[in-house]
C-alpha cells in the first residue's frame, strides 16, 4: 500500500507549523537574551535545547515520510518505530496542524483527509490481522435516508431493506462477514459501543472531521478511517462505497 502524493498534504501543513513556531520561538528567545548584540558567541543553553528538540521532531517526520514514500517491509524494530510515529502523529502533530489551519485558513478538510490516510497506512504496517468477530464497524446515522423512520441506531437489522440508502447493503455485508455493525449518532454513543464490544480493530465511516476526532479519542485502539461521500452536503443522506469497505475488511481480517 502506497500513500498517494495528495495525501502528504498533512506533512506539508506540519512543516509549515514547525517553521512558524520556530520563528516565533527564536524571536522570543532573542528578546529574552536582550537582543542580538548581547548574545555570546556560544548560544544560550535554552536555545541549544530548543533546536535539539526541533531537530528530533523533524527527524521523526522525516523517518515517517521515508516509510510512507518507499513502503519498506517492516521488521520488529521498524514496527516499534512506526507505533511511536503514530503516537507522535496523534498526540502532537495533528493538534499542531489543526491549530495552524485555524491561523492561516489552510484547507482543514484536506489536511484531515491526509491525516486519516497516514493513520491508515501506519496501522496497515503495524496491526496484526484479526478474526471477523474481533472487528467492529461504526457507521454515522447520516447514511440512513433522512425520511426513513426505522430505528437503526438500536439495531441495524431494523432496516426496512428498501434499498434507497446504503444501510441495506451494509447490513447484508455485516451478516455475510459476521461483523458487528453499529450506527452512532455521536461520539458518546460511539464510545459506549466500543466500551461494550471491546473490539481489537475498528473501521469507522464518517466525515473527515468526525473521523479525525474518533481516531484521537480512541487511541491507542486501532481505528481505520473511511470518509463518506456527501452528495447532498454534510450530515444528510451520505453514502459509502460498499466495495471499498469490503476490500478494506479483507485486508484486515485473517
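Throughout, read-outs are computed from the coordinates displayed, never taken from laboratory work. What you are looking at is a predicted structure, and each value in this text was computed from that prediction instead of being measured.
Quick look at the values:
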item: Length released on extending from residue 130 to residue 8, taking residue separation times 0.36 nm less the Cα-Cα span; result: 41.1 nm
item: Whole-angstrom gap from the stretch 108-132 to the stretch 181-254, using each part's C-alpha centre; result: 12
item: Prolate/oblate/rounded call for the stretch 84-158, Cα gyration tensor, a/c under 1.5 rounded; result: oblate
item: Anisotropy class of the stretch 132-252 from Cα gyration tensor, a/c 1.5 cut; result: rounded
